[in-house]
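Scroll down for the structure; my scribbles are underneath it.
The values are calculated or read from the model by the stated rules, or taken from the named source; none is laboratory data. Note that the structure is predicted; figures quoted are calculated from it, not measured. Positions of Cβ are backbone-derived with ideal geometry, glycine not excepted, and every protein chain shown enters the neighbour counts. Accessible surface areas use protein heavy atoms only, side chains included; no ligands, DNA or RNA. Shrake-Rupley method; radii C 1.70, N 1.55, O 1.52, S 1.80 Å.
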Amino acid sequence: MPTFTTSVHESITEVNRQEWNAVVTHQSDTGSVFERYEWIEAYEDATGAAARHVQVRTDGTLVGVHPTFVRPLPGTPFRFLGPPKPGTNGVMIATDEAAVFAAITDRMADLTSGRTIGHLIRPATDPAVRYATRLRARNYTPSVRDCRFVLDIDRPWDDVATDLSGKKRRNLRRAEEAGVAATDVEATSDRVEAFARSHAEHMRRLDGDGASAALLRALHSTVGDRLKLFRATVDDESIGELLAVRDDERDRLVLLFPAYDPTNFDHYPSEVLYRDAIQWGIENGYTTCDYGETTPDFEDGTFAFKTAFGGEARPTVRWERIGSRLGRVLYSAAGDGLVPGLGGSRVSRPH
């Protein structure tokens with residue numbers, strides 16, 4: 001009978017990069033680029049957030065990981081353990097799933113006491129549903145506050161285009177007639193800096209959530225080869241950009257952060273950039289394009305845009321375990337802003 005041991009680490013730098021990434025991206029079915037060592041390292045560098053990353057070993061071999069951070073409940077002395085903001089934190093297991101899952105959730109229960117009132121798991125991928133029954137048995141409650149849009153791009157662009165609404169296809173034709181062009185550009189340090197400024201302005205205009213300049217700089221440092229920057233231009237002048245990340249192990253291109261100039265919306269930069277990113281993904285062998293997360297409301301402008309661009313809405317399920325009645329009240333009162341999703345904004349306008 002194998003023996004399992006758990007350990008808790010207050011920084012990702014305390015764990016072995018290769019071991020961690022092997023479990024996340026190759027040995028489990030539930031991990032993603034957002035739980036890789038490098039993504040977590042960037043978040044820690046940018047925010048200084050305190051971590052409680054759990055590892056499980058058997059006979060010295062790493063067989064399970066779960067990244068978490070200490071997250072404050074605004075306006076209270078309490079806190080909870082959950083994903084980065086923005087970000088995800090699935091349970092990734094290589095083998096002996098039942099025993100390793102129990103070891104991870106037992107250790108998380110030990111870590112939630114006193115002022116630490118609960119634990120939030122926010123998986124990055126659909127296969128994490130395999131743990132739903134066990135999470136319920138351990139008093140985790142599911143909730144859906146976001147959804148993501150996924151498009152199958154394992155086919156030619158002409159086939160993909162048939163999934164777009166007639167209005168979006170017309171907008172693309174109008175953009176072409178107006179001389180709008182789009183291309184992917186190398187995400188150099190200078191370009192990421194410039195994008196960070198444009199993205200911040202874009203999110204301020206929309207009163208939405210996005211990525212800080214510090215996080216974008218850190219991501220360029222740690223996962224720069226995974227970032228793709230798409231730019232739309234008219235007469236060689238930029239009218240918008242879209243930052244994507246390559247989740248190569250899952251053959252998925254994720255469209256994360258926008259930066260548009262509102263004075264140029266009549267040139268349809270969002271449509272042009274989405275089309276260019278999708279075409280780039282097709283040409284480079286990706287099977288899905290993920291449009292990022294959105295408020296699940298059919299009247300929300302971003303939801304409508306992504307629907308019209310052929311995306312299939314899939315619920316983002318969060319699993320929450322709050323230990324006390326007071327904790328549940330405080331956590332509920334804090335609202336959706338505790339854990340914004342990856343990509344997009346939480347406002348009712350197209351991004």
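Just wondering, is there one or more residues in the range 166-181 that are modelled with pLDDT of 95 or more, touching a Leu at 6+ places or on another chain (Cβ under 6 Å) and within 21 Å of Leu151 (Cα to Cα)?
Checked the range 166-181: no residue is modelled with pLDDT of 95 or more, touching a Leu at 6+ places or on another chain (Cβ under 6 Å) and within 21 Å of Leu151 (Cα to Cα).
Name the single residue that is surrounded by the most Cβ atoms within 10 Å (Cβ to Cβ) among those in the range 3-25 being touching a His at 6+ places or on another chain (Cβ under 9 Å) and part of a loop (DSSP other than H, G, I, E, B).
Val15
From the list Thr61, Thr68, which residue is touching a strand residue (DSSP E or B) at 6+ places or on another chain (Cβ under 9 Å), without any contact (Cβ under 8 Å) to a residue 60 or more places away in the chain and either surrounded by fewer than 24 Cβ atoms within 10 Å (Cβ to Cβ) or not basic (Lys, Arg) (or both)?
Among Thr61, Thr68, only Thr68 is touching a strand residue (DSSP E or B) at 6+ places or on another chain (Cβ under 9 Å), without any contact (Cβ under 8 Å) to a residue 60 or more places away in the chain and either surrounded by fewer than 24 Cβ atoms within 10 Å (Cβ to Cβ) or not basic (Lys, Arg) (or both).
Just the residues that are open to solvent by 10 Å² or more (accessible area, probe 1.4 Å) and touching a Phe, Trp or Tyr at 6+ places or on another chain (Cβ under 8 Å), please, taken from the range 219-245.
Hits for the range 219-245 are Thr222, Lys228, Glu241.
Of all residues being among the hydroxyl-bearing types (Ser, Thr, Tyr), under 25 Å from the mean Cα position of the chain (by Cα) and over 15 Å from Pro67 (Cβ atoms) in the range 96-126, which is surrounded by the fewest Cβ atoms within 10 Å (Cβ to Cβ)? Just the residue, please.
Per the criteria, the residue is Thr116.
Would you pick out the residues in the range 10-38 that are closer than 17 Å to Ile121 by Cα and out of contact with any strand residue (DSSP E or B) (no Cβ under 7 Å at 6 or more places or on another chain)?
Residues satisfying the conditions are Asp29, Phe34, Arg36.
Hey, does the range 86-100 have a residue that's over 23 Å from His26 (Cβ atoms) and in contact (Cβ under 8 Å) with a residue 12 or more places away in the chain?
yes
Out of everything in the range 26-46 that is open to solvent by less than 10 Å² (accessible area, probe 1.4 Å) and polar (S, T, N, Q), what residue ends up being nearest to Val100 (Cα to Cα)?
Ser28
Got a sec? Which helices (runs of 4 or more DSSP H) wholly within the range 127-218 have at least 1 residues that are within 23 Å of Ser32 (Cβ to Cβ) and either among the charged types (D, E, K, R) or open to solvent by less than 10 Å² (accessible area, probe 1.4 Å) (or both)?
The helices (runs of 4 or more DSSP H) meeting that bar are 132-137, 157-161, 189-206.
In the range 267-303, which residue that is surrounded by fewer than 17 Cβ atoms within 10 Å (Cβ to Cβ) and free of Cβ contacts under 8 Å to residues at least 60 places away in the same chain is nearest to Ala244 (Cα to Cα)?
Asn284
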